[in-house]
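Quick note: the coordinates plus some simple rules give every number you see, no bench work behind them. These numbers come from a predicted model, not from an experiment. Cβ placement follows ideal geometry from the backbone for every residue including glycine, while neighbour counts extend to all protein chains displayed.
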Amino acid sequence: MANASSEFDKALEIGRPPNIVQLFPNSRALIVSGKVIDRAMIARGNAMTIAANGRNYFVIRGALLAAQRANAAIMIEIAKSEGGVGAYCASNFWNLARRVDAVINELGITVPVAIHADHYGIKGDQDVETGRMEIPSMFDAGITSIAVDASHLPDDDNLLANLTLRPYIPEWAGYETEVGEIKGKEGLSTADEALFLIQGLNAHDIFPDWIALNNGTAHGIQDSETGIQVPLTIEIHNAIAKYNVSGAQHGTSGNDSERLRMICKETSTTKANVATALQMITWGVKVNEYGNAILDDKGEFLKMPDEGVTEELWAEMVAYANEKGLKGGNYKKLNLPFENKLFRLSRDVRERMAKGVEDFVYELLTNVFNARDTAPLALDVILKAGSYDLGSKASRIEDPAEWTESKIREKAAKISTDKGPEGDFED
């Protein structure tokens, strides 16, 4: 036990990135780069961990309790739509690290945790320009990993946006890129698109830790008969294997456990995002084993009487949703107006909200994701590197002369893709 304590203290000393040390000089929270979490899952093999969307404080608390119980390294994240300047959640890019640090220190959590800015969406030139200013501010506030999501753009503009914004992200930070908007079974990503993006980045000495795909999932509440296309994921991961990029699985809620186990066993995925299921659990909405909300005979969410928020608050939330015309996945917009009303609930209610998340996440980590006892592997990664900065998993293979802007556009024009329907697929 003394040795484990010594290793933790050493990892705490050398493993926290500079922004975290500056923000929390006296903290005992082992907040690390996203790279550390990825490498720990690789060390385990056939494992991925949860990237829990901290849409409310009780999700954060429950996920951290589950990680400690499972002795698993995890990520806490928030997406741009959830936590950017137009946020619908109280958790945001600029307070998420503070929330996580506070909970870790309060509860004595000792597992490594990364703070991830998910779906930093880029839909045009103005978003790129904003990113030059905004991304550094997010790292100033404690972000340790980011997903630059320009998947809304044509393939060439996606690549060029990543090339433009990469210099504004610290070299030590976790870095995720994305091809194909997350829009379910339509507009599926292809191996050609993924290869184009990863090759172009590689030529410019940019080596992502993860790539996210549209491999059949959707955000929010989805039909369990659709979901992750495992063979497609395998095909794409095999196509880019020599570039040593892990997979990031978006839209995990709504996929059955066996399908998620297949993603662990048969692909290079190390990160799995879960958002809607955790939000619903804190409120006390009944979900099935893979996180899809259960509806009653009227097509309304089925609230469990002794779980989540009180019946009185739930009635108020439903009334508000009806007034605003919010249905299904758009219940997510209840997060911001009701967060403080969650805090004022009695202690026993607050504790059961977090406990529901804890139990659900623990089950995922231990019985689905194969992430149990990955926390020591993350410590090993830090100690072997002797630093918070793990460097890259890959090296340059591609010729930069073949990936100038003009040649990028020429190559992209030859890619045949089906982007699927137009619409708002922001998170």
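A few comments on the model shown:
- DSSP-defined antiparallel bridges as percent of all bridges, the chain, nearest 5: 10 percent
- With one equal scatterer per alpha carbon and no solvent term, the Debye-computed log10 I(q)/I(0) for the range 274-427 at 0.11 1/Å reads -0.73.
- Shape of the range 2-386, Cα gyration tensor, a/c cut at 1.5: rounded
- Additional length obtainable on full extension of the chain from Ile415 to Arg396, 0.36 nm per residue less Cα span: 4.6 nm
- Local electrostatic count, Thr110, Cβ distance below 11 Å [Lys/Arg +1, Asp/Glu -1]: -1
- Cleavage-rule hits, trypsin sites (Lys or Arg not before Pro), the range 323-365, DSSP coil, Cβ neighbours within 10 Å at most 11: Arg344
- Cβ-based net charge around Asp125, under 15 Å, with every Lys or Arg adding one and every Asp or Glu removing one: -4
- 222 nm mean residue ellipticity, helices alone, for the chain (DSSP H n ≥ 4; -39,500 (n - 2.57); rounded to 500): -13500 deg cm²/dmol
- Rounded to the nearest Hz, the phi-derived 3J(HN,Hα) couplings of the range 318-328 under the Karplus curve 6.51 cos²θ - 1.76 cosθ + 1.60 (θ = phi - 60°) are 5, 5, 4, 4, 5, 4, 8, x, 8, 9, x, where x marks glycine and proline.
- Between Lys407 and Asn105, residue separation times 0.36 nm minus the direct Cα-Cα distance comes to 103.7 nm.
- Amide H partners (placed H, <5 Å) of Tyr175, local residues excluded: Ile146, Asp209, Trp210
- In sequence order, calculated HN-Hα J values of the range 385-395 (Karplus, 6.51, -1.76, 1.60; Hz; x Gly/Pro): 6, x, 6, 6, 9, 8, x, 9, 7, 10, 9
- In plain terms, the bigger the Kirkwood radius, the slower the diffusion; for the range 235-332, with that radius from Cα pairs, at 20 °C and 1.002 mPa s, Stokes-Einstein puts D at 138 µm²/s.
- Subtracting the Cα-Cα distance of Asn95 and Glu311 from their residue separation scaled by 0.36 nm leaves 74.8 nm.
- Relative protection proxy for 125-132, 31-38, 190-197, 58-65, from highest mean packing down: 31-38, 58-65, 190-197, 125-132 (other beta-carbon atoms within 10 angstrom).
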